[in-house]
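Provided herewith is a single structure, encoded as structure tokens, for subsequent inquiry.
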Amino acid sequence: MSKSRDLLREEQSGPLMADVAKLAGVAISTVSRALANPDRVNEKTRAKIDAAAKQLGYTPNAMARGLRVGKSNVVMIVLPGSLYYGASQIVPQVLQAINNRLLENGYTLMIANLARDEASERHILNLAFGGTVRGAIILASKLPELEGRSLGNSGLPLISMLMDMSGAGVPSVVTNDRGAVREATSSLIGLGHRRFLYLAGPEGNYHDVERFGGMLEALQQAGLPETAVVRSGGKLDYQEGFKIGLQAADHFAALTDKPTAVVATSDDMAISFMSKMREMAVAIPGDLSIVSFDGSPVCEFCAPPLSSIMQPAEEMGIAAVDMLLEAIENPGLSSAARKVIPSQLIVRETISVPRSHA
């Protein structure tokens, strides 16, 4: 038996591809093709192979496949669903930082998806299990899972960015969402604000949980009740931030006891909210102070310039690549489970003391 075959067996624990082929009644090459390129195998045969693999508990290992197909220098990034994030330029900034760092180290970046539908999930998993890529960065989203396969058991080195998955064993690069919002809210409280409106992302989303949690902690530390904040939104994805902001403006208009400060969990939300406030003749910051999260460059050119918590996009992108390349090139070494790079509050002209304290 050749050295490559010995290594392949060492990497592949449990049932082998040959066992799947035997149970399904097909050739080993057919199983390999079905796993790497399902579209090249007819549906009936693919169903038999899938059933056999599930029955045996077979999971192909991308690193083992790499022994036969050669080492790839491609790293893929898995996006939340779209390159379009409205006015927020965090995603493009992150992609640029990651791409530049990979090129410096002789690697190529592949954007594996522009959606998170079933076809895209299958494509991502085919790339992973087919040995096409050496590793993957998952950006602000969950691991792709479909038809009994998960990126988490592909054998690829993985890094999560902007979402903490270290508890699930995936090394993560994140910012201090909770702490940054807590500090921004505390600053508003220090100016005299006691009633708040919070513009929320989708309920249960990692970023929304952390950021709203930070706001509640600031209220608690100041001795204020949770009722001091009114929560608006919670149903739409961050990609629909402009719509969330417009809906929050209507929510604000309907409130009898008006908040004097707003914390928005994305720049997009704050920008559309501010535009609606101008239509309603609400003075910013005189009647209402606003701070948002992301720190995209457009904030500086809003009217008035928007105060925002700036995420360290470039630093996080570089850190994610460095952690991934360490895992790729030194598979025996354990990397840091979680790296936190702090965000910074950029105070511009949308924050002031409330009129009652002026």
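Please give the strands (runs of 3 or more DSSP E) falling wholly within region 172-242 in which 3 or more residues are without any contact (Cβ under 8 Å) to a residue 60 or more places away in the chain, over 22 Å from ILE351 (Cβ atoms) and of a type in the set (A, V, I, L, M, F, W, C). Walk me through it before giving the result.
Values: elements: 172-174, 196-200, 229-233.
Filter on region 172-242 gives an empty set.
Considering region 5-36 alone, what residues qualify as being modelled with pLDDT under 65, on the phi < 0 side of the Ramachandran plot and within 37 Å of the chain's Cα centre (by Cα)? Write out each step before concluding.
Start the filter on region 5-36 by keeping residues that are modelled with pLDDT under 65, which leaves 5-14, 36.
Adding the requirement that they be on the phi < 0 side of the Ramachandran plot leaves 5-13, 36.
Hits for region 5-36 are LEU7, LEU8, ARG9, GLU10, GLU11, GLN12, SER13, ALA36.
Could you check region 250-272 and list, in sequence order, the residues that are among the small types (Gly, Ala, Ser), in a helix (DSSP H, G or I) and in contact (Cβ under 8 Å) with a residue 40 or more places away in the chain?
Initially, region 250-272 is screened for residues among the small types (Gly, Ala, Ser), giving 253-254, 261, 264, 266, 270, 272.
Narrowing the set further to residues that are in a helix (DSSP H, G or I) leaves 253-254, 270, 272.
Hit for region 250-272 is ALA270, nothing else.
Would you be able to say whether some residue in region 317-335 is assigned by TED's automatic domain parsing to the domain that holds ARG182 and closer than 29 Å to ASN100 by Cα?
First, the residues of region 317-335 that are assigned by TED's automatic domain parsing to the domain that holds ARG182: none.
The answer is no; no qualifying residue exists.
Residue by residue, here is whether (1) more than 15 Å from TYR198 (Cα to Cα); (2) part of a strand (DSSP E or B); (3) not charged (D, E, K, R) holds:
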site	(1), (2), (3)
ALA248	no, no, yes
MET274	no, no, yes
ARG278	yes, no, no
ASP287	yes, no, no
PHE293	no, yes, yes
SER308	no, yes, yes
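OK, next. Give just the number: which of (1) more than 19 Å from ILE328 (Cβ to Cβ); (2) modelled with pLDDT of 75 or more does VAL78 not satisfy?
Answer for VAL78: the failing condition is (1).
Considering every residue within region 290-299, establish whether at least one is closer than 19 Å to SER356 by Cα, out of contact with any Ser or Thr (no Cβ under 7 Å at 6 or more places or on another chain) and at pLDDT 95 or above.
no
Does at least one position in region 329-342 carry a residue that is surrounded by fewer than 22 Cβ atoms within 10 Å (Cβ to Cβ), under 17 Å from MET274 (Cβ atoms) and either in contact with a helix residue (DSSP H, G or I) (Cβ under 6 Å, 6 or more places away or on another chain) or modelled with pLDDT of 95 or more (or both)? It would help to see each step written out before you state the result.
Initially, region 329-342 is screened for residues surrounded by fewer than 22 Cβ atoms within 10 Å (Cβ to Cβ), giving 329-342.
Checking which are under 17 Å from MET274 (Cβ atoms) leaves us with none.
For region 329-342, residues surrounded by fewer than 22 Cβ atoms within 10 Å (Cβ to Cβ), under 17 Å from MET274 (Cβ atoms) and either in contact with a helix residue (DSSP H, G or I) (Cβ under 6 Å, 6 or more places away or on another chain) or modelled with pLDDT of 95 or more (or both): absent.
Within region 327-356, which residues are of a type outside the set (A, V, I, L, M) and more than 21 Å from the chain's Cα centre (by Cα)?
Of the residues in region 327-356, the ones of a type outside the set (A, V, I, L, M) are 329-332, 334-335, 338-339, 342-344, 348-350, 352, 354-356.
Scanning region 327-356 gives GLU329, ASN330, PRO331, GLY332, SER334, ARG348, GLU349, THR350, SER352, PRO354, ARG355, SER356.
The values are calculated or read from the model by the stated rules, or taken from the named source; none is laboratory data. Owing to the predicted nature of the structure, the values given are computational and were not obtained by experimental measurement. We place every Cβ from the backbone using ideal geometry, glycine too, and count neighbours over all the protein chains shown.
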